[in-house]
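The block underneath contains the structure these notes are about, expressed in structure tokens.
Bear in mind these aren't lab numbers, they're just calculated from the coordinates by the rules spelled out. Owing to the predicted nature of the structure, the values given are computational and were not obtained by experimental measurement. Counting neighbours? That spans all protein chains shown, and the Cβs are built from the backbone with ideal geometry, glycine included.
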Amino acid sequence: MTNEESSFIEVGEFISPLEKFIRQHKRRRGSESILGLLEAALRLDSQKTELAREREHARRETRVSLAELEMIAELAAEAGEENYGQQYRLMELAQAAAVASCALNARNLFSGRLAVAAKQAGELERARVAYADAIEGLQIRGRLFRSDPSELLSAEQALREGWDKVKPRAEGQREVFDPAGSDVAAEWMDIIMWNSDLGSDHGLLAQADATMRIAIRLEHWTDVRGEAVAPVVEKLRARCEASIGGSMLATRCLVTLADALIEVGQWDLAAQVHRDVVEKAQVDERHPTGIHAVIQESYCHLMRGDVRACQARLKILDTRFLEKMSQLVITVAAELARYYALDRLARCRAGEPEPAGIRGHVNDLLRRVSRIVKTDCTDRVSYLQTLFYAILARDLSALCAPL
């Protein structure tokens, strides 16, 4: 072979969009985060790895800025001009990275983009899951943050219509929030884990997003499908305890489930699961998670009309200890505010006088917790902190409302 022929073959060899992007990125000495996502997409394209594995790595190990994610989205759009599959795989990884690195609005944006890319690549079940993720985000905004209801409704309708257009071609023709198979507990467990931050030093703050998303699934299961929730909850409890093996993460997942049940008014089930957190898990009534579980169980008893059971559970908590801990741990300050507000309401319903100055103390604690709120949420941590506060403020408003 002549040099001329060799040169022609080298110039004329086929380079996929992903390979081209990687070469260009290396020449420019671009960020390692973007390079990692590009190389992961190339591994997926050549079937050297599995999608679930690469998405989990992007969710847990990759931290990127919104600008970097936008760059990945631009590259994905460029790849889509030649290969819808490569566009879709890049957007799968970008959306996973957005879950780890971004606040709610950016995550919604990338979930919507993933849904479109999955449709174009013929991955209709993945499109449905991405649409569901984006709609969940809109519903969380509507429930807990000041947003224009008409704007949210319009955005949700557009997403639902996007799925409805391709649903007739999809296997099973499921609704957006329907489970994909018969093992609903396994799917909901995946949702809890995907939306939980897993570090050992993460507590209830890291469960706020997962709680709201599971609540939305519970609502669909009972209100839209008309299905009984107790069998699924029992399987999910068992799966949680078995799959995570008594770790602190298992305890946090149980709390997520119980709090989601409270969100949808399943008081009996929620009380049972919260009781399990204290009696079967690795926490007691002096641990922040155990404190939360006791107070939430007490709230369930009150909502069931059992004031005595509510007050009996509240009495196992040491308020002097809580006051000291509240100075050190922001989530304990939040729970102390819940405690006093709930105790006040239970006393009133029992015909007892309202403790003097209690509402002022609750407001002081709420102001202390409000220090974690960010006016401009751009990353996941600030989003979780602000979401945690929004849930607390909503609950305290209901507990402290005039009787």
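General observations
- Helical segments meeting 20 Å axial Cα length and Kyte-Doolittle 0.0 threshold in the chain (DSSP H): 66-80, 84-101, 104-120, 230-244, 248-263, 288-303, 330-349, 380-399
- Principal axis extents of the C-alpha atoms in region 15-169 (largest first, rounded to whole Å): 47, 34, 25.
- Long pairs among Lys20/Lys48; Lys119/Lys374; Lys26/Lys48, criterion Cα-Cα beyond 24 Å: Lys119/Lys374
- Centroid-to-centroid separation of region 335-403 and region 88-120 [C-alpha atoms, Å]: 34 Å
- The chain: radius of gyration and largest Cα-Cα distance (Dmax), Å: 24.2, 100
- Extension gain from Glu81 to Ser182, taking 0.36 nm per residue of separation minus the Cα-Cα distance: 32.6 nm
- Value of [θ]222 nm, deg cm²/dmol, for the chain, DSSP H segments ≥ 4, -39500 (n - 2.57) each, nearest 500: -23000 deg cm²/dmol
- Gain upon complete extension [Ser16, Lys324; 0.36 nm per residue less C-alpha separation]: 104.8 nm
- Bridging of Lys235 to aspartates and glutamates at a Cα separation below 18 Å is possible for Asp178, Asp183, Glu187, Asp190, Glu219, Glu227, Asp259, Asp268, Asp276, once same-chain residues fewer than 8 apart are set aside.
- Nearby aspartates and glutamates by direct alpha-carbon distance to Lys315 (threshold 12 angstrom, same-chain neighbours under 8 apart not counted): Glu285, Asp343
- With both labels modelled 7 Å from their Cα along Cα-to-Cβ, the Ser154 to Glu61 distance reads 4.3 nm.
- Net dipole in debye of the chain [+1 Lys, Arg Cβ; -1 Asp, Glu Cβ; about Cα centre; nearest 20]: 1300 debye
- Computed lengthening from Ala393 to Ile316, 0.36 nm per intervening residue step minus Cα-Cα distance: 25.3 nm
- Region 150-194 versus region 211-271: alpha-carbon centroid distance in Å: 19 Å
- Ranked packing of 285-295, 40-50, most packed first, by mean Cβ within 10 Å: 285-295, 40-50
- Dipole of the chain [Lys/Arg +1, Asp/Glu -1 at C-beta], most positive-end residue of Gly357, Val329, Ile135: Gly357
- Computed log₁₀ I(q)/I(0) - Debye formula, equal Cα scatterers, no solvent, region 160-222, q 0.13, 0.15, 0.21 Å⁻¹: -0.46, -0.58, -0.91
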